[in-house]
Amino acid sequence: MQCVCESRVDIVVISEPYRQLPFWFNDEGGDASIWVTLFNGKHAASETPIRNVGIVGFRVCDVFCFSGYCSPNKSKGQFNDYLKQLEGIIKEGRKRAPAIMVAGDFNAKSSVGGGGSKTDRRGTCLLDVTTRNELIPIRTTGNYSFLRNERTSFPDILSVNRRIRLSWRGSRVLGWYSASDHFYIEHKFRDNIKRVEGGAFKYLTKEMDVEGFLNKYDKYDGVYDENGFEFDETACGEGLHMSLEHTCAVDLKRRYPASAKRSANYWWSDELATLRSEL
């Protein structure tokens, strides 16, 4: 509470709280919450709630925010069922708002999302769900966000769509006391962003040389080099991401949506002018 009040943030995403407060937007199982602080005039649309066990979502301005929590004790099948629910809720949120943000503690390790140094099976499955729904993972500055018995990890993940990603300014783990094994994570975004020239686009892949395209990424295949030394997964993942962006920009053509043309609509007519002159 003290950290939130002093930093005057707009939205607080809470996973596995000790207890849920009545002025939060809460899930059905007591594990995930969203607190819209109202410090800076941001309001939640009360008619747009999405709730489930371990998942809650609300629209705040033009952003649909999701908070989630999934216990590490869930089996493989239970985790897969949770991801199916999460994906369905994300798709529903995309219909209600132009921008999407998914954050929480899913107990999934990922070197791409969050700030971890390795990726486990749960992390891979979670990334599959988020990227399939056009969400981009956000990397956080810091070595870990969870500390217990001298063991550290980075289970807290944030993914956003392209519209929010353009306004992202940075993310970091804070050193504030939280009365928990988890640390506070601060994400900063700009309120207003300039429209990207050309708007949204899609790459044309029908005439693409698939084999030649994939051959450029052979060096990222596997986690061990020819001498048996393990690669740095984080550096390898970031290198692959940058290489993929560069290759697509150079080798593939873009298709932009047709511009929406608006025709003028004049409501003032000669008949209205005549009637007015008679008054």
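The values are calculated or read from the model by the stated rules, or taken from the named source; none is laboratory data. In this text the structure is predicted, and so the values were computed from the model without any measurement. FYI the Cβ positions are ideal-geometry reconstructions off the backbone, even for glycines, and counts take in every protein chain you see.
The residues in region 16-25 that are surrounded by fewer than 21 Cβ atoms within 10 Å (Cβ to Cβ) and under 22 Å from the mean Cα position of the chain (by Cα) can be counted, and the count is 3. Residues considered: ILE50, ILE55, ILE89, ILE34. Of these, the only one that is surrounded by 15 or more Cβ atoms within 10 Å (Cβ to Cβ), closer than 20 Å to GLU186 by Cα and in the same structural domain as THR130 (by the TED database) is ILE34. Inside region 74-98, residues that are modelled with pLDDT of 90 or more and not in a helix (DSSP H, G or I) make up a count of 2. Taking VAL9 and the conditions (1) outside any loop (DSSP other than H, G, I, E, B); (2) among the β-branched types (Val, Ile, Thr); (3) modelled with pLDDT under 90, which numbered condition does it fall short on, given that it satisfies the others? If we test VAL9 against (1) outside any loop (DSSP other than H, G, I, E, B); (2) among the β-branched types (Val, Ile, Thr); (3) modelled with pLDDT under 90, just (1) comes out false. Residue under question is LEU244, and the condition is that it be assigned to a helix (DSSP H, G or I), under 25 Å from the mean Cα position of the chain (by Cα) and modelled with pLDDT under 80; does it hold? Judged against the criteria, LEU244 is a match. Look at (1) on the phi < 0 side of the Ramachandran plot; (2) at pLDDT 85 or above; (3) crowded, with 23+ Cβ neighbours inside 10 Å and you find that GLY104 fails only one, number (1). Restricting to region 59-87, name every residue that is small (Gly, Ala, Ser) and touching a strand residue (DSSP E or B) at 6+ places or on another chain (Cβ under 9 Å). Those that are small (Gly, Ala, Ser) and touching a strand residue (DSSP E or B) at 6+ places or on another chain (Cβ under 9 Å): SER67, GLY68.
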